[in-house]
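Here is the structure we will look at.
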Amino acid sequence: MFIRLIFTQLKTAVRTKRYVFWTLFFPIGLGTLFSFAFNSIYEGNKSSTIPVAVIVEDNAMNEYKVMQAFSGIEESGMKEDLEEYYTEKATAEAMGTEFDKESPVDEDTLEMLEGIDGYEDMQDVAYDSLPQKYINDDVKNLTPQDLPFMDLLDQLEYENGKKMIEVKYKGFPDDSVNNLDLEKAEQFLKDGEIKGIITINALSDIKLEISENGISESILSNIISTYRQKTDLIISVMNDDVANADMEGLLAQTTENKEYTNTNNLTGGNKDVFVQYFYNLIAMICIMGSMASLGVVVDSQANQSYQGMRIDASPVNKMLYELAFQAGVVLVQEIVAMFALTFYTKVLGINFGADTGMVYLTTAVCTLLGCALGFFVGHVGSFSQNIKEVILMTFVLGGGFLSGLMLGDMKGMIEEKCPIINRINPSAVISEAFTSLNLFGVGDRYYRSMITVVAMTLVLTILGMLLSGRKQYASL
């Protein structure tokens, strides 16, 4: 009977014109429009060098010098000098002779160095307070141009080898030549001479100011966002074991990709910022499965349909009935999602920037979340089907808007103002999984997104089953 119910649901779904339109033809049509609109914009601008102004704050240089100096202080002889000093002092005291040799490092400085347990502690250290005797000339001669982010901007190139970013104006500390301030930079931005103002306050504190939203501005935002994500990982390593951390090697990773991505630059497998819209289209298809799932649940409730009355009055196991029909919904929705994804990749030629198999697998798993959402909402309260459909459309359209389906920068804006929304919005979580695949490949960030998807799916399904068990015909 279970298999027969699944096939019954398959036939019902195919015959439901509204379901077929909204879950298949609408996303395909919208994707086709996106492809025509965005492809011409990106192709026309993707090789344009982007002029920017960069302002480096004093704190950024202090922090960078401290980090570089800290890893080499002991290696440069301080530890040996201190051991020698304390040995001679102990010997003199034991022999009762006078000992007037000065410590190579004063007690306050030594206490300060021993108290550095992580990245935050380093931020509070003034470079001038470090024992300059043990700092090598390479660190002393560091300039703002040596900052990892400046190095990154210098390295970024398009596929054709053309330079991606041109630092047209600079505001560097203690540099009479590059003495640009924020007020002058904002005037250049207003006049259209530059596309953005990048302010470097610290390793992971980089701000971008723009005057309009366009392809160049989106590329700049993507570069900074990706860079900050990498520095967050590096800071975590520093905080875990700062004493043994290879500062130079860690900082070098901010301009390298290694296991995060297989491409040659930071911007990921597909540098087209508009691919984000297709991530959100896939998310919409996945969440749209909730509508079909809701219909199955409503049809099994006695207060909603005559079919539900017959089911509750019959000896059939209601839970088994619902799960069988849900399995049918999942199967249909998986077929729809795979078909749409194939259309995007094979017909429209959309490059999702990741391994094709992983893109399909991610889509398949995320489709389960949409079905689970409909299963849960269908069991909440005794509202009419229309009200529950409105609730689900809020998730589909509202969640899509918040994740960037209508405005590409929306998810980034929410991440800055209220990041918790991106953690609980199913569309944003699904979109983040695809973004992680593109930028970093299969790694920690991707796994976090997928664990969230699976956890949401399980929680919503279990809650739906619990609520279903409490609904009996006599109580409706």
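The values are calculated or read from the model by the stated rules, or taken from the named source; none is laboratory data. Here the structure is a predicted model, which means the values were calculated and not measured. Using ideal geometry, Cβ is built from the backbone for each residue, glycine included, and neighbour counts are taken over all protein chains shown.
Some observations on this one:
- Total residues in the range 137-159 satisfying the condition of being touching a residue at least 60 places away in the same chain (Cβ under 8 Å), within 22 Å of Glu209 (Cα to Cα) and assigned to a helix (DSSP H, G or I): the figure is 8.
- The set of residues in the range 174-185 being free of Cβ contacts under 8 Å to residues at least 12 places away in the same chain and assigned to a helix (DSSP H, G or I) consists of Glu183 alone.
- Leu405 being farther than 17 Å from Ala292 by Cα and not in a helix (DSSP H, G or I): yes
- Output for the range 404-443, where each listed residue is free of Cβ contacts under 8 Å to residues at least 40 places away in the same chain, over 21 Å from Ile285 (Cα atoms) and over 10 Å from the mean Cα position of the chain (by Cα): Met413, Ile414, Glu416, Lys417, Cys418, Pro419, Ile420
- Subset of the range 359-394 that is touching a Ser or Thr at 6+ places or on another chain (Cβ under 9 Å) and surrounded by fewer than 20 Cβ atoms within 10 Å (Cβ to Cβ) - its residue that is farthest from Ala283 (Cα to Cα): Gln385
- The residue list Glu75, Glu83, Glu88 contains one member that is closer than 25 Å to Tyr119 by Cα, among the charged types (D, E, K, R) and either modelled with pLDDT under 75 or in a helix (DSSP H, G or I) (or both), which is Glu75.
- Taking the criterion of being surrounded by 16 or more Cβ atoms within 10 Å (Cβ to Cβ) and over 19 Å from Gln229 (Cβ atoms), the residues of the range 402-414 that qualify are Leu402, Leu405.
- Screening the range 280-313 for residues that are within 19 Å of Met465 (Cα to Cα) and of a type in the set (Ser, Thr, Tyr) and picking the one that is modelled with the lowest pLDDT gives Ser300.
- Going through (1) of a type in the set (Phe, Trp, Tyr); (2) modelled with pLDDT of 85 or more; (3) exposed (fewer than 15 other Cβ atoms within 10 Å of the Cβ) one by one, Tyr446 falls short only on (3).
- Under the condition of being free of Cβ contacts under 8 Å to residues at least 40 places away in the same chain, more than 15 Å from Met61 (Cα to Cα) and surrounded by 12 or more Cβ atoms within 10 Å (Cβ to Cβ), the residues counted in the range 122-132 number 0.
- Answer residue from the range 415-436, given it is among the β-branched types (Val, Ile, Thr) and surrounded by 16 or more Cβ atoms within 10 Å (Cβ to Cβ) and is modelled with the lowest pLDDT among those: Thr435
- Among the residues of the range 355-375, none qualifies, meaning not one is at pLDDT below 85, in contact with a helix residue (DSSP H, G or I) (Cβ under 6 Å, 6 or more places away or on another chain) and assigned by TED's automatic domain parsing to the domain that holds Phe34.
- Filtering the range 341-358 to residues that are buried (at least 22 other Cβ atoms within 10 Å of the Cβ) and either touching a residue at least 60 places away in the same chain (Cβ under 8 Å) or touching a His at 6+ places or on another chain (Cβ under 7 Å) (or both) leaves Tyr344, Ile350, Phe352, Gly353, Ala354.
- The range 160-173 - residue that is assigned to a loop (DSSP other than H, G, I, E, B) and touching a residue at least 24 places away in the same chain (Cβ under 8 Å) and, of those, nearest to Thr199 (Cα to Cα): Phe172
- Taking the criterion of being touching a residue at least 60 places away in the same chain (Cβ under 8 Å), polar (S, T, N, Q) and either at positive phi or in contact with a helix residue (DSSP H, G or I) (Cβ under 8 Å, 6 or more places away or on another chain) (or both), the residues of the range 186-220 that qualify are Thr199, Asn201, Ser216.
- Residue check, Phe352 closer than 13 Å to Ile282 by Cα, of a type in the set (Phe, Trp, Tyr) and at pLDDT 90 or above: no
- Test: residue in the range 38-58 that is in a helix (DSSP H, G or I), surrounded by 14 or more Cβ atoms within 10 Å (Cβ to Cβ), modelled with pLDDT of 80 or more and of a type in the set (Phe, Trp, Tyr): no
- Residue list for the range 375-414, filter: of a type in the set (S, T, N, Q) and under 16 Å from Asn425 (Cα atoms): Thr394, Ser403
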